[in-house]
Structure formats: structure tokens, C-alpha cells
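One structure below.
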Amino acid sequence: MTSAEAVKNEIERFLRSPDPEVLCITGAWGVGKTYTWQTVLDRVRTKRATGLSRYSYVSLFGISSLEGMKTAIFENLEFLLPEGCTGLERILSGGNSIVRGGKQLVGAVAALPVPYLGGALSKAQPLLFSAIRNQIVCVDDLERRGALPVKDVLGLISYLREQRSCKVVLLLKALMTFVESSIFDIEEIITKAHAVEESRKQQNRMAAFEEAWRPFHDGFGNNEDEVCASIIAGIHSNFEVVSRPNLDAAMSILTELGRNEEVEALMDFATIHGGDEFWTSDDPFHRRMSDPRIQRIVEEKRKATGPVFQFEKDLLSTAHSMNGDKLAQLAAFPIERYQDLFENSAGIDLHNYIYAAFEYRKIGNPTDHMKKVISNAEEALRRIARKSKLNEIRVRKYEILVGAAGHDQDEAR
């Protein structure tokens, strides 16, 4: 049996079993890990033989926060078996497009500047990830993630397996183990051991914070004091995994219930313990904060920190966040800047930069700024291609017509 056949057999065994587990598929860049996984998945799905009926494929490319990763897992949920395993799944899986459309609608409506509707959906967001359980999750492009720490990724994977009964497959460019990379490096072993321990703590915090909301979500009893105390305690004890929308949802509920002293105390706590990242980071759903105190702090923090635009870093991150301000800044850079970046990059960095610029090709109705980024990158590659026959051949894989009219002609006019 060849190594490729052994990998395919292991993937098929993994897919057919309903037991929670984690599978790592490793190999050099470009050897076909994702293709092999998808091919076996399609074959087993066609036979209707998967052990679990739900599936999410998540590329970590550009994802910079744990909240973003959890959002991506929910947004990419689909059904492998047409009828599912339960009555609810049979209703939902009448077409995966229905599920995808519903998720897109939730995201779109949550971003609307309509206080009641947007606020109601914002409060519901903590429940979205709670729907992820008893399913298969494929995590790809770990090496191309944004600022998301590896320990957070591993912590969430462990949490999905142990707490949500999920099967997780991790596609890696290379597998770092103590035996392969650092068995003789004591400091490295200690560092990795601390990372594992921190991942476990992160997992426990996420579970505890989710549990703190159970009195609110799981009944209609006359238990207002218990609900409020549980939410506040959950935030205090697990603030490391609390997001700004989580805080906003809690503040909104407490305010509506007239718990003004507790609202002020919670706001003081968040102000003291929330760093710049907590207050200024982009929300994947682009949700409006309903609490004016949170809005004010966010505005003040963003003005004070005065984010410095970094062309290379923001080219990658904006391909995922679609931040309008950064898109405008990227569009304003001249073609020469793109050309210089491409010519002075190599390997995975080069591919990441080019594909980030072309991510907007996937948008059905791109903005003018998106079109400008695409055209700048295309013209930069044309200029590189014209330097040699070899470069011309290299550029073809990016679907660039070297002889096409580009910005040079536009500028001449």
C-alpha cells in the first residue's frame, strides 16, 4: 500500500466513524492535502456513509481572532446527508442553500443600523456557535492565519472535540512535534507545554462562559436575580474569552431589567480589564454596539491608538475583514507599490499577497475600491511578466493576460 493510499484509507475511516477525534493531515505546500481530503469526503458523502451529518470547512486565511474563527465555522455549516439525522436537520437540509442564505441574512441584518432588529440579532450571536456540535470540522490554512495565536486555534479544536463531540481534521503544511523539532531543547519543550496548558485553560473558560448564559437561555422561570448574577460572574471569571458583542448583549439585558448599579459596575470592570485589542478590534459580523457607553469607549480608543496602516499586513487582513477604510487605503497605493511587494516576496508569502489582492474577484458586486486593488495587482503582475519570458509563463497561473490593456495606457490617456 502506498503512502497516498494509506492517507486516503485513514481519512475514510475518520469520516465513517461518529466518535469525537482529531486528525492531522500534513505535507509540504502544494502536495494536494485539501484536494485529497475533499475527494475522499465527496466519495464517502456520495455513499451516504459519513458518521456525522453536518460539516464545516474553515480556511484560517486572514482570520485574526477566536471570534472570527468561531463565526467562520458557523457560517460554513452544511449538511452531508440530505435528510440529516434528526427531524430538525431533515427540515433544514431541504437545501444547503437555504441554510447558507439564512446565515447570510443573519449577518447582513445584524449589521444594519436598525437599533431594535440589529440589537436583537446581536444578542442572539452567542447562540450561533452553540449550534456547532456533533459534526465534522475541517480547519485549513493554519500557516496563513492572521494574528490568531496557534494556542487559541488548538484550544478551540480541543474544546470542539471534548465538549461538543465534534470530529476535527487539521490540514497542516508541517507538523511540529517534540520528537521532530525540539526533543533536546528543554526551553522549547517548556514553552510548548505552557502553550498546551494555556489551551486547556482557554477551553475551560469558553465552556464556563457558555454555561453562565444557561439560566438566561434555557428556561422561562422567575429567576431574574440568578440570570443577572450568572451573566456578570461569567464575564468577570472568563473575561479573556469575552468579546465586545458579548459585553454589549449583557449590558443591554441588564439595562432593560433596570439593574443600573450592576450595569455601571460591569462597565467599570470592562474599562479596567479590556485592553486596546478588546475595544478596537474589528467585529467579523460588523455589528453595531447598542450600548452608548461601549460605543463611546470604542470611538475614544480608536482615536487614541490611531492605527498605522501597514501595506503588507493590511493587504492580507483586509481580504478577510473587508474593512472599507483599509480597502480605500489599499486602492490608493500606486501600482509600483504592488509590483515592489510581489518582486521582493517569495514562497508562501508571495502567494498569500497575490491571492489576498485577488480575493475580491470572488465578490459578485465589488466596490470601486475592490476593483482598484484587483486592477493594480493585475497590472503589477503584467509589468513583472514583461521582464522575461520565464516571468510571463509564471504569471499565467494567476489568469493574467500579459498583452491586455492595463493602467499604463490609462495613465497615458
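The values are calculated or read from the model by the stated rules, or taken from the named source; none is laboratory data. This structure is a prediction, so every number in the text was calculated from the model and none was measured. Every residue, glycine as well, gets a Cβ built from its backbone with ideal geometry; the counts of neighbours run over all protein chains shown.
If the Cβ limit is 9 Å and pairs must be 6+ apart or interchain, which residue in segment 8-19 that is in the same structural domain as L171 (by TED's automatic domain parsing) pairs with which residue that is outside any helix (DSSP H, G or I) and of a type in the set (D, E, K, R)?
What qualifies is F14/E21; F14/K167; L15/K167; S17/K167; P18/K167; D19/K167.
Of these, V241, V263, which one is free of Cβ contacts under 8 Å to residues at least 40 places away in the same chain, aliphatic (A, V, I, L, M) and touching a Lys or Arg at 6+ places or on another chain (Cβ under 9 Å)?
That would be V263, the only listed residue that is free of Cβ contacts under 8 Å to residues at least 40 places away in the same chain, aliphatic (A, V, I, L, M) and touching a Lys or Arg at 6+ places or on another chain (Cβ under 9 Å).
Examine segment 274-281 for a residue that is under 30 Å from N344 (Cα atoms) and crowded, with 16+ Cβ neighbours inside 10 Å, and state whether such a residue exists. Spell out the reasoning first.
The initial filter retains those residues of segment 274-281 that are under 30 Å from N344 (Cα atoms), namely 281.
From the residues that got through so far, the ones that are crowded, with 16+ Cβ neighbours inside 10 Å too are 281.
So far as segment 274-281 goes, yes, one or more of its residues are under 30 Å from N344 (Cα atoms) and crowded, with 16+ Cβ neighbours inside 10 Å.
Looking at (1) among the hydrophobic types (A, V, I, L, M, F, W, C); (2) without any contact (Cβ under 8 Å) to a residue 24 or more places away in the chain; (3) within 14 Å of F311 (Cβ to Cβ), can you tell me which one M322 breaks?
(3)
Residue-wise test of (1) closer than 21 Å to A72 by Cα; (2) aliphatic (A, V, I, L, M).
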site: F278; (1), (2): yes, no
site: L315; (1), (2): yes, yes
site: T318; (1), (2): yes, no
site: A331; (1), (2): no, yes
site: P334; (1), (2): no, no
site: S345; (1), (2): no, no
site: A357; (1), (2): yes, yes
site: K362; (1), (2): yes, no
site: M370; (1), (2): no, yes
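Among (1) among the charged types (D, E, K, R); (2) surrounded by fewer than 17 Cβ atoms within 10 Å (Cβ to Cβ); (3) at pLDDT below 90; (4) within 15 Å of V137 (Cα to Cα), where does E75 come up short?
Against the list (1) among the charged types (D, E, K, R); (2) surrounded by fewer than 17 Cβ atoms within 10 Å (Cβ to Cβ); (3) at pLDDT below 90; (4) within 15 Å of V137 (Cα to Cα), E75 comes up short only on (2).
I'm checking my understanding of the structure. Among residues of segment 333-363 that are aliphatic (A, V, I, L, M) and buried (at least 16 other Cβ atoms within 10 Å of the Cβ), which one is nearest to the chain's Cα centre (by Cα)?
Checking each candidate, the answer is A356.
How many of the residues making up segment 297-332 are assigned to a helix (DSSP H, G or I), at pLDDT below 90 and within 23 Å of the chain's Cα centre (by Cα)?
Counting residues in segment 297-332 that are assigned to a helix (DSSP H, G or I), at pLDDT below 90 and within 23 Å of the chain's Cα centre (by Cα) gives 7.
Run down N323, N344, N376 and say which single residue is outside the structural domain of F61 (by TED's automatic domain parsing), under 24 Å from K70 (Cα atoms) and of a type outside the set (F, W, Y).
The match here is N323.
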